[in-house]
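Remarks on the structure that follows.
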Amino acid sequence: MSTTNGLIGKSVKRVEDNRFITGKGNYTDDIILPGQTYAAFVRTPYAHAKIGSIDTAAALAMPGVVAIYTGADVAAINGVPCGWQVNFKNGDTMKEPKHPLLAVGKVRYTGEAVAIVIAGTREQACDAAEAVQVEYEELPVVVNAAEAVKPGAPQVHDEAPNNMCYDWELGNPKAEVDQAMATAAHVTMLEFVNQRMIPNAIEPRSYNASYDAANGRYTLYTSTQNPHLIRLLMSAFVLGIPEHKVRVVGPDVGGGFGSKIFHYTEEALLTWASHKINRPVKWTADRRESFLTDAHGRDHITKAEMGFDKEGKAVALRVKTFANLGAYLSTFSTCVPTYLHGTLLQGLYTTPKINVDVTAVFTNTTPVDAYRGAGRPEATYLLERLMDLAAHEMGIDPAALRFKNFIPPFDGVNQPGYQTQVALQYDSGNYEGVLKKGLEMLGYEDFRKRQKEAAQNGKLLGVGFSTYIEACGIAPSAVVGALGARAGLYEVGQVRVQPTGKVSVFTGTHSHGQGHETTFAQVVADKLGIAFEDVEVIHGDSDSVAFGMGTCGSRSIAVGGSAIMKSVEKIIEKGKKIAAHKLEANAEDLEFAGGRFTVKGTNKSVSFADVALTAYVPHVYPKDLEPGLDFSSFYDPANFTYPFGCHIAVVEVDKETGTLALRRFIAVDDVGNVINPMIVEGQIHGGVVQGVGQALFEGAEYDENGQLTNGTYMDYCMPRADNLPMIETAGQVTPCPHNPLGVKGAGEAGTIGSTPAVVNAVIDALWSGGHIVKDLRMPITSEKVWRAMQTA
Amino acid sequence: MQIHVKVNGVEYKHDVEPRLLLVHYLRDVLRLTGTHIGCETSICGACTVHVNGKAAKSCTLFAVQADNCEITTIEGLAQNGELHPLQTSFKEMHGLQCGFCTPGVIMTAADYLKQNPHPTEEEIRTALEGNFCRCTGYQNIVKSVQLAAEKMSESKPVTKEKKEEVVV
């Protein structure tokens, strides 16, 4: 894309690294405020129980204890809200039971907070929390979404019969899809579980709340992805405190992956308590609490059928999913299995009839919400597993089957966007291109030969494909509003040119690893033709930044970057007026390039820095023009953006032992224009490994009592450095036609594309050895592979 | 109990509770907050520091166990104002994203490169298996350590054969 000084498109090294590599980052838990107190929570060990008496007397008498609050103390306060309303098929509003700050009457998942203990030190708070005596009367438990809707299942909330939050449908009428399916020459059917994932940002959630009685002002430091959203939800919907008297700061945040989008009960509770005791209160989750109380991801039980005609063209797709939402609605939980999942089921294919039916269910488990990709990985997993399996069943090459079914290339400018059967209109795409590139990198022509050779040497080689699309750049406010979002999803970008020509950029997005301080500075410095070092990006503080919806859904560059671009354009436009006055010319006759305003066709020019100084020292200045050079813009996108790509995995299975190893991983991603290739590649690496983690290593396990049985790092298998190959990456660029930078977003692509590629590779390896296996439940361990080889 | 420690070259004497963890001593008492806590169970490695020159997970050591020890944290890794080659390499190779695990990873790698100055990719991966990173997928961390190893062997001349190994 166009650049004035080579900054856009260059792998500029990150400015934020300087503090992180020297230990000078500033994360929430690093902050200690004057008069600091510390909170510890009393959490239920039972997944479902009536709460009897709570005896705090002994705990209150312990050294250093400042206060203890239970559900009764906060019963009058609202619960944390859900930000997206999804209606039942019959039009009824979804069931939305109160999500209380502390449990009242009943606990509904293991780890739910029953009391908060505040003391002078962390140790004192923990000691006292252990001394709080709570009587529980255990109730029957349900953890599985498909079981929870059956008659007689334990009820999580009285107001949600059959544990249903809503049922929901999208696409073509079911009868039409059934009819199309009946014409199919072949139907591939897959019943599978997209298992529950635990996000596991390495920085645990951490909050530090304080109240300034003299000014009636609250400050909350929080490990969040969206400080303004937290301020809005907490002040307006939960605590009922004046928003302009609340400052929310998301300082350095150690990874989010979705789990730090949501407004958590602890944030509001600490803020409320800091006022009650008139001292700052800090809480940082320990890892056990992170496992139990950070919102989880995925957890779908799905039956999917895809029909093909005798040439292998898809004719229909029918999907039924039970989505587990956990015990309470987390902030965006309701839109994940619906508008972020059902809407993606067109995939890259021309399937003419699609129907998706989703039942969202309460269970006695930790709340489930967006986790890197959020709904789109589930949709991609479903489609790409079906595609590879259908190819195997029909005896068609899986790459050839995809080429047969791809939507043809379109740029969204000369050719219109592609209208799907499931509500979205894709912006631009060249889907064949990424698969072709991926096959070249793989050396596919030789692969099947290598596969045969390997089989003779005691190894089963398998290749798996995934050609994915996602909807990012979330989101056009009117569209999401019509679909039930209770917020707008525009972004704010302010560009403040200082008198010396140095520039401060304020963005409502939040960087917690994505490198915005570098990428956004590249954009602004490039467009203004100034040095990279002359731009600083400020984010994360509601007192500095006007507003913002934060960072989620790969939206920061597409929506946040576009808001900044709008302000840059306003700066240049006003700069032209100031420059024209200085040069005694008409503003219309000026052009701005390379950091100078020049009268077209002449050598008369003035520098950007000169114009900036004049704006602040307006002695000789256009009449009727305000001094200063500082603009703020709101950008509401016209559409989602649609990154896409092709991921290919190669696995090797030992025929004797079942030992499974990921040998190669190829990722070809088209994320539109790229500002900083180094950062985009890093996002792909991290995303791919999270997706590989779901395929091979990770997954929450609940027992029938609602106990999370692998809620520690000894038990939950995180991907480690020594179980991964080097990922081979490549890009393709199909610009987004509807935003000024032509960007699509790269944060989630890796996670969305990778999981089915790995699972497909395992299935391919097994088929190559004559083991006709349709599915293995993730995470696929060597043991599961070995067992499959013994039985199939 | 009173402890006497030398942290990043500075000597300290403090009275501490016997149960105070070394990581809390570093973070809360000395306010060296570059050392992070990710799991309190010595699995994730975010809290890695050097105790008498060896990498150790400070979340499962008591401060009193560090009595009379020399401790180096990420804040003390740079020498005479010069960043350690690992620090510069992590920036050059984009070996970090959110930065939370980074100090621990760098401290682990710094100790490891002392023991094995010319590691293979596989050896680096094995050496780092006790440090979790959720952002990078480890790829650029491995490359950062490789680059640092190269830089460090350039500054300390090695035999020709050994140098060729490094370049692989």
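The values are calculated or read from the model by the stated rules, or taken from the named source; none is laboratory data. The model shown is predicted, which means the values in this text are computed figures rather than measured ones. Glycine also receives a Cβ, built like all others from the backbone with ideal geometry; neighbour counts cover every protein chain displayed. Surface accessibility is based on the protein's heavy atoms, side chains included, excluding ligands, DNA and RNA. Shrake-Rupley method; radii C 1.70, N 1.55, O 1.52, S 1.80 Å.
Each Cα pair under 8 Å and six or more residues apart adds its separation to the average, and for chain B the resulting relative contact order is 23 percent. Shown here for segment A:55-109: trypsin sites (Lys or Arg not before Pro) in loop regions (DSSP other than H, G, I, E, B) with at most 13 other Cβ atoms within 10 Å, namely A:K89.
Here segment A:517-647 exposes an accessible surface that is 49 percent carbon and sulfur, computed with a 1.4 Å probe and the other protein chains kept in place. Look at where the Cα atoms of segment A:227-291 and of segment B:115-131 average out, and the two centres are 39 Å apart. Each label point was placed 7 Å from the Cα along the Cα-to-Cβ direction; for A:H619 and A:E147 their separation is 8.1 nm. Note on segment A:210-260: with neighbouring protein chains present and a 1.4 Å probe, carbon and sulfur make up 51 percent of its accessible heavy-atom surface.
Here the contact order of segment B:85-158, divided by its residue count and restricted to Cα pairs under 8 Å and six or more residues apart, works out to 51 percent.
With the cut-off at 29 Å, tell me which of the pairs A:K50/A:K320; A:K527/A:K623; B:K54/B:K91; A:K282/B:K13; A:K566/A:K744 have Cα atoms farther apart than that. Going by Cα-Cα distance, A:K50/A:K320 fall outside the 29 Å limit.
Take every Cα pair under 8 Å whose residues are at least 6 apart in sequence, average their separation, divide by the length of segment A:9-119, and the relative contact order is 41 percent.
Each other residue within a Cβ distance under 12 Å of A:W272 adds +1 if Lys or Arg and -1 if Asp or Glu, for a net charge of -2.
The residues packed around A:A792, meaning those with a beta-carbon under 13 Å from its beta-carbon, carry a net charge of +2 if Lys and Arg are +1 and Asp and Glu are -1. Looking at segment A:555-656, what % of the alpha carbon pairs are farther apart than 22 Å? In whole percent, the long-distance tail amounts to 49. Amide H to amide H distances under 5 Å link A:I538 with A:V505, A:F506, A:T507, where only residues 5 or more positions off or on other chains count and H is placed in the peptide plane. Each of A:T224, A:I538, A:C736 was placed along the dipole of the protein assembly as shown (beta-carbon charges, centred on the mean Cα), and the one lying farthest toward the positive end is A:C736. Calculated mean residue ellipticity at 222 nm for chain A: -8000 deg cm²/dmol, from DSSP H runs with n ≥ 4 weighted as -39500 (n - 2.57), summed, divided by the residue count and rounded to 500. Could you tell me the ratio Rg/Rh of segment B:2-76? Both radii from Cα atoms, Rh via Kirkwood. Ratio of gyration radius to Kirkwood radius for segment B:2-76: 0.91. To the nearest 10 square angstrom, what accessible area does A:W168 show with a 1.4 Å probe? Approximately 10 Å² for this residue.
Residues within the reach of a label modelled at A:K50 (point 7 angstrom out along Cα to beta-carbon, backbone nitrogen below 12 Å), restricted to segment A:129-166, are A:136-140. Using the Cβ atoms and a cut-off under 15 Å, what net charge is assigned to the surroundings of B:R125, where Lys and Arg are +1 and Asp and Glu are -1? Value of the local net charge: -2. In the context of the full set of protein chains, residues of the protein assembly as shown present 34 Å² of accessible surface per residue (probe radius 1.4 Å, heavy atoms only). Accessible-area loss of 50 Å² or more (1.4 Å probe, protein heavy atoms, chain alone versus all protein chains) is found in segment B:93-119 for B:H94, B:L96, B:Q97, B:C98, B:F100. Within straight-line reach of B:K6, meaning a Cα separation under 12 Å, sit the following aspartates and glutamates at least 8 residues removed in sequence or on another chain: B:D67, B:E70. When you filter the GluC sites (Glu not before Pro) in segment A:96-201 for DSSP loop state and at most 12 other Cβ atoms inside 10 Å of their Cβ, you are left with A:E159. Within segment A:569-662, the trypsin sites (Lys or Arg not before Pro) that combine a DSSP coil assignment with at most 12 other C-beta atoms in a 10 angstrom radius are A:K600, A:K623. Between B and A, roughly 4400 Å² of accessible area is buried in total, ligands, DNA and RNA not counted and the probe set to 1.4 Å. Determine the shape class of segment A:1-124: with a ≥ b ≥ c the square roots of the Cα gyration tensor eigenvalues, call it rounded for a/c under 1.5, and otherwise prolate if a/b is greater than b/c, oblate otherwise. Because a/c hits 1.5 or more and a/b fails to exceed b/c, segment A:1-124 counts as oblate. In segment B:85-158, the inverse of the mean reciprocal separation of distinct Cα atoms equals 12.0 Å; this is its Kirkwood hydrodynamic radius. For A:K404, the lysines whose Cα falls under 19 Å of its own Cα, not counting residues fewer than eight places away in the same chain, are A:K310, A:K313, A:K353, A:K436, A:K437. Let me know the shape class of chain A, please: from the alpha-carbon gyration tensor, a ≥ b ≥ c as square roots of the eigenvalues, rounded when a/c is under 1.5, otherwise prolate if a/b is greater than b/c, or oblate. It is oblate, given that a/c is not under 1.5 and a/b is not larger than b/c.
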